[in-house]
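This report refers to the structure that appears directly beneath it.
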Amino acid sequence: MKATGARPTVQQLRWQDYELGMFCHFGLNTFCDREWGDGTDDPALFDPKAFDPRQWVNTAQAAGFRYLILTAKHHDGFCLWPTQTTDYSVRSSPWRDGKGDVVREVADACAEAGLPFGLYLSPWDRHEPRYADKEAYDDFYCRQLTELLTGYGPLVEVWFDGAGSEGREYDWRRIMNVVERHQPDAMIFNLGRPTIRWVGNEDGVAPYPCWNTAETAKASLFTKDMLTWLPDTSAWVPAECDVPIRKLQWFWHPGAEERLLSLERLLDIYYRSVGHGANLLLNIAPDDRGLLPDADVNRVAEFGEELRRRFDCPLGETAGSGYELTVEWPLPQTFDHAVVQERIEEGERVRAYLIEARVDGRWRTVAEGSAIGHKKIDRFDPVTADGMRLTIRQADAEPLIRRMACYLAGEVRV
């Protein structure tokens, strides 16, 4: 029986194994108490006197994040690198006497630590006068993109934001050619010819099931329209779930610590993103010093520590092919989580499954579902049993299970 459907590339497989990424929204908005600048704020306001990207990277790695994405240019058009395309950049700021390059310093910090680095470049530009001229702006945007793709080493992801561009047509085939020429291994987010898609909300959660194949995705929060991807887009387009650690705030704002998501909320997001087979991109915004705020650093550290406590030490695990897999113990074990992963390099085969625990010699259902894909995490009431069984009830081809494991997590420990 041969597998049907799409397959991921080697690059997609690697990206899906990262699971957790850190998003850093940083720019003029950070100094103006804004979410969306209108392109008129003075570059002289940009002056992060304690800027330290190594602190960002250390925070990310200590919490278990496996890649980092920086907003090189947000909708206001202010560029965090000394671009040759406009004066609306760090070159016109007092920071580093106009000789600084935020993108360079963050890229270098990531490279030193071995943390994959990606960049966000907003297509919408509220500052650039050429935006009104489609062809002129396509030239301008491709020049900016080329600078970023050729100047900062290998990139794990290029993040294209659809917000503000509703109804606008860009030369996506040309833009995709630029990416594929200079960064062929980078993931392309959601627009043009994407290799990963937006999950469709800014809550950080994926629906269930969240299949890895798709033919379209939402353009932004501000329209119900679905995107028209280039016709040669692959069918395998896994989802990425983005969410800010401060509720509804992507950029840092003074006195807003009360918006920090609780540890319990972050864990729920994790279960409904990574636990549904998607990647989680959690935004932690640097403040006007150029540092991640202490409160945010402490919260994300708690999050990472709790994930390690829950998932670093399985009570039992196995792998294999076929429609049934079992883990057994000589003495009963108590567990409340099951984690199952498919060998998705051969495609997503499972369409329905059942997890059972053997209690006093009888199999008892503790969880069931449809998609497994890269990862499915099931939570259930604690059960004490001497066996756990995975039964595949429906599949497109012989199931290939990369890993099945069970854990006892218990309650959140603060």
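For the range 84-198, take N as its residue count and report Rg(C-alpha) divided by 2.2 N^0.38 Å. Ratio of Cα Rg to 2.2 N^0.38 Å: 1.09. Does the range 1-158 classify as rounded, prolate or oblate by the C-alpha gyration tensor (a ≥ b ≥ c root eigenvalues; a/c under 1.5 gives rounded; else a/b over b/c gives prolate, otherwise oblate)? Oblate shape, in that a/c is at least 1.5 and b/c is the bigger or equal ratio. Reducing the range 34-103 and the range 279-348 to their Cα centroids gives an inter-centroid distance of 31 Å.
The chymotrypsin sites (Phe, Trp or Tyr not before Pro) of the range 188-237 that meet both conditions, a loop assignment by DSSP and at most 14 other Cβ atoms within 10 Å of the site Cβ, are Phe222. The string of couplings for the range 227-235 from the Karplus curve (6.51, -1.76, 1.60, θ = phi - 60°) is 6, 9, 6, 4, x, 9, 5, 5, 6 Hz, one whole number per residue in order, with x for Gly and Pro. Shown here for the range 165-243: trypsin sites (Lys or Arg not before Pro) in loop regions (DSSP other than H, G, I, E, B) with at most 10 other Cβ atoms within 10 Å, namely Lys224. List the lysines whose Cα lies under 27 Å from the Cα of Lys134, skipping any in the same chain that are fewer than 8 positions away. Excluding near neighbours in sequence, the set is Lys73, Lys218, Lys224. With each label modelled as a point 7 angstrom along the Cα→C-beta vector, the Tyr271-Lys49 pair spans 4.5 nm.
The GluC sites (Glu not before Pro) of the range 319-414 that meet both conditions, a loop assignment by DSSP and at most 14 other Cβ atoms within 10 Å of the site Cβ, are Glu411. Volume per residue for the range 196-348 equals 158 cubic angstrom (convex hull of Cα atoms). Estimated from the Cβ-Cβ distance and a Förster radius of 30 angstrom, the FRET efficiency linking Ala397 and Glu368 is about 0.90.
For the range 10-311, the normalised intensity computed at q = 0.13 Å⁻¹ comes to -0.88 (log10 of I(q)/I(0), Debye sum over alpha carbons, equal scatterers, no solvent).
Could you tell me the calculated FRET efficiency between Leu315 and Lys134, based on Cβ-Cβ distance and R0 = 41 angstrom, to the nearest 0.05? Calculated transfer efficiency: 0.10. Once the Cα atoms are used to define both axes, helix 134-151 deviates from the longest principal axis of the chain by about 70 degrees. Summarising the label geometry, the points placed 7 Å from Cα in the beta-carbon direction at Ser234 and Ser262 lie 4.0 nm from one another. The angle separating the long axis of helix 172-182 from the principal Cα axis of greatest extent in the chain is about 80 degrees.
Two decimals is fine: what's Rg over Rh for the range 148-277, C-alpha atoms, Kirkwood radius as Rh? Looking at the range 148-277, the ratio lands at 0.99. So, in nm, how far is label Glu35 from label Asp225 when the simple model puts each one 7 Å beyond its Cα toward the Cβ? Distance between label points: 2.1 nm.
Over the C-alpha trace of the range 316-407, radius of gyration and Dmax come out as 12.3, 38 angstrom.
Dimensions of the range 283-329 along the principal axes, based on C-alpha atoms and rounded to the nearest Å, stand at 54, 21, 9, largest first. For the range 97-163, pairs of C-alpha atoms spaced more than 18 angstrom apart make up 47 percent of the total.
Values in this text are rule-based calculations from the coordinates and carry no lab data. Computed from a predicted model, the values in this text were never measured in an experiment. Note that we place each Cβ from the backbone using ideal geometry, even for glycine, and neighbour counts take in every protein chain shown.
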